[in-house]
Amino acid sequence: MTLTGKKMLEERLEYLIKVEREQIKNTLAEARAMGDLRENAEYHAAKERQSLNEGKIKEMQYNLSVAQVIDVSTLNGPDIKFGATVTIYDLAKEKSVTYQIVGSDEAQIKTNTTNTTSKIPFTSPLAKALIGKQQGDTVIVDAPKGKIEYEIEKVEYKEYL
């Protein structure tokens, strides 16, 4: 994952531990105070929420512990590789789009930035087609609606904060 992705994942993990876990703890305490737990829908819903939250926490902790973190700003060269920001031109739609190739966890993180660059996982068909290519090359991607042809307009290496 990129440095930016690591920071965002760490922030999300901290939120789940410090905020979400505390809210669930308070909800459980309120539900217990209502009495009989066998027929207490609020209690069962809170326990399920707790289970999901703890699962997310463990998954994120594991992913961070095994992640290979790459500082994209130290990368360069004409070849597209992990971390590259690539502007491609869709020949059929006559439209340019910019993507950054990132790790799977990072691609799933939602950001509220005004950045128009979408993050795609390196495991996606588009990223697989782009990796190893250079500016000016044409790639064909097998998509559910058929083959899509793109021309690579620009390759950059920069971190997005």
| said: Can you confirm whether Glu94 is modelled with pLDDT of 90 or more, surrounded by fewer than 16 Cβ atoms within 10 Å (Cβ to Cβ), in the same structural domain as Lys145 (by TED's automatic domain parsing) and more than 28 Å from Met1 (Cβ to Cβ)? | reply: yes
| task | Inspect region 103-119 for any residue being at pLDDT 85 or above, among the hydrophobic types (A, V, I, L, M, F, W, C) and surrounded by 12 or more Cβ atoms within 10 Å (Cβ to Cβ) and give the result as yes or no. | result | no
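Which of the residues spanning region 60-96 are farther than 22 Å from Ile152 by Cα and in a loop (DSSP other than H, G, I, E, B)?
So the first thing to find is which residues in region 60-96 are farther than 22 Å from Ile152 by Cα, and the list is 60-71.
Of everything in region 60-96, those that are farther than 22 Å from Ile152 by Cα and in a loop (DSSP other than H, G, I, E, B) turn out to be Ala67, Gln68, Val69, Asp71.
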| Among the residues listed as Lys147, Lys119, the single one being of a type outside the set (Asp, Glu) and under 18 Å from the mean Cα position of the chain (by Cα) | Lys119
| said: Given (1) at pLDDT 90 or above; (2) in contact with a Lys or Arg (Cβ under 9 Å, 6 or more places away or on another chain); (3) within 27 Å of Glu20 (Cα to Cα), identify the lone condition not met by Glu59. | reply: (2)
| task | Could you check, for region 131-141, whether at least one of its residues is farther than 30 Å from Asn26 by Cβ and hydroxyl-bearing (Ser, Thr, Tyr)? | result | yes
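The values are calculated or read from the model by the stated rules, or taken from the named source; none is laboratory data. Nothing here was measured: the structure is a model prediction, and the numbers come from that model. Note that each Cβ is placed from the backbone with ideal geometry, even for glycine, and that neighbours are counted across all protein chains shown.
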